[in-house]
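In what follows, a single structure is set out as structure tokens and then discussed.
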């Protein structure tokens with residue numbers, strides 16, 4: 001794991017590991033604290049923590065070599081915090097094809113919440129153990145932009161969102 | 001209190017228990033639900049459905065206020081449960097009342113999607129956290 005601050009107001013860390021599902025939850029708690037500390041916004045921290053969890057859980061389930069990478073970065077851009085979550089994993093052709101279809105559907109949906117509601121209905125009928133909701137949830141519930149690239153057998157999935165800075169709590173004078 | 005045959009969950013960061021008191025069947029969830037808990041939640045909700053039908057209750061309450069996270073796989077278990085209720089004859093159907101912590105906006109957002117799935121069966125109620133925080 002690497003953590004650094006390349007500029008005074010930027011934060012970045014990277015995790016490269018062969019994670020278990022149990023570790024995904026540990027990472028979610030860790031990054032939620034990270035987001036909370038920097039954004040001072042509990043709801044934004046939870047949305048970002050949820051997105052990180054869903055992305056990493058997908059990477060764990062579908063990685064063909066049982067390895068995954070997570071990069072989280074936070075930068076100040078035009079007075080707002082730009083948070084980027086990126087997972088990288090290798091996957092089978094079948095999985096890459098499914099992910100491509102799912103992501104294209106999410107990325108091009110005119111109304112993410114409407115699509116999500118349709119997919120909740122579809123999820124109830126699925127019998128393969130999956131829900132198909134994780135990626136859609138990132139777009140609809142966490143309100144993050146999703147993009148992806150596939151190079152060879154490697155999938156890079158990126159979620160991104162902008163958050164206004166929250167004022168520091170005012171200290172009250174004690175008597 | 002009448003005994004109900006519903007398993008508890010106490011593993012992998014998640015705790016869930018049921019109670020049946022004065023004709024009210026209720027579930028309480030605490031902690032976080034990730035894919036390790038999916039099977040346990042499916043089994044629990046399957047039993048809740050069977051017991052709700054056996055007891056003929058008009059409503060089951062589900063308290064999420066102490067829940068910190070529910071992943072999409074576990075969320076799906078609730079969707080499947082709702083679909084099972086929808087497939088019943090109207091007179092057999094029962095409602096679900098979800099209690100969410102009004103300080104955890106994510107709970108309301110997640111539950112809203114369930115509500116859209118079965119608007120006539122789902123009621124969401126925001127309440128302060130039981131611990132008062």
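Rule-based calculations on the coordinates, nothing more; no lab input. Note that this is a predicted model, so its numbers are computed, not measured. Backbone-built Cβ (ideal geometry, glycine too); neighbour counts: all protein chains shown.
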ask   = Which residue pairs have Cβ atoms closer than 6 Å, lie 6 or more positions apart in sequence or on different chains, and pair a first residue in the range B:109-121 that is on the phi > 0 side of the Ramachandran plot with a second residue that is crowded, with 17+ Cβ neighbours inside 10 Å?
value = none
message = Just to be sure I understand, how many residues within the range A:120-139 are buried (at least 23 other Cβ atoms within 10 Å of the Cβ), more than 8 Å from chain B (Cβ to nearest Cβ) and free of Cβ contacts under 8 Å to residues at least 40 places away in the same chain?
response = 1
request  = Test residue A:82 against the stated conditions and say whether it is more than 10 Å from chain B (Cβ to nearest Cβ), under 21 Å from residue A:140 (Cβ atoms) and in contact with a helix residue (DSSP H, G or I) (Cβ under 6 Å, 6 or more places away or on another chain).
outcome  = no
inquiry  = Restricting to the range A:92-112, count the residues that are crowded, with 17+ Cβ neighbours inside 10 Å and either facing chain B (nearest Cβ under 10 Å) or farther than 19 Å from residue A:51 by Cβ (or both).
reply    = 2
query = Pairs under 6 Å by beta carbon, first residue within 14 Å of another protein chain (Cβ to nearest Cβ) in the range A:11-22, partner outside any helix (DSSP H, G or I), six or more apart or different chains?
reply = A:19/A:68
ask   = For residue A:64, are the conditions met, namely being surrounded by fewer than 19 Cβ atoms within 10 Å (Cβ to Cβ) and in a strand (DSSP E or B)?
value = no
note = The number of residues in the range A:71-101 that are under 23 Å from residue B:74 (Cα atoms) and under 17 Å from the mean Cα position of the chain (by Cα) is 3
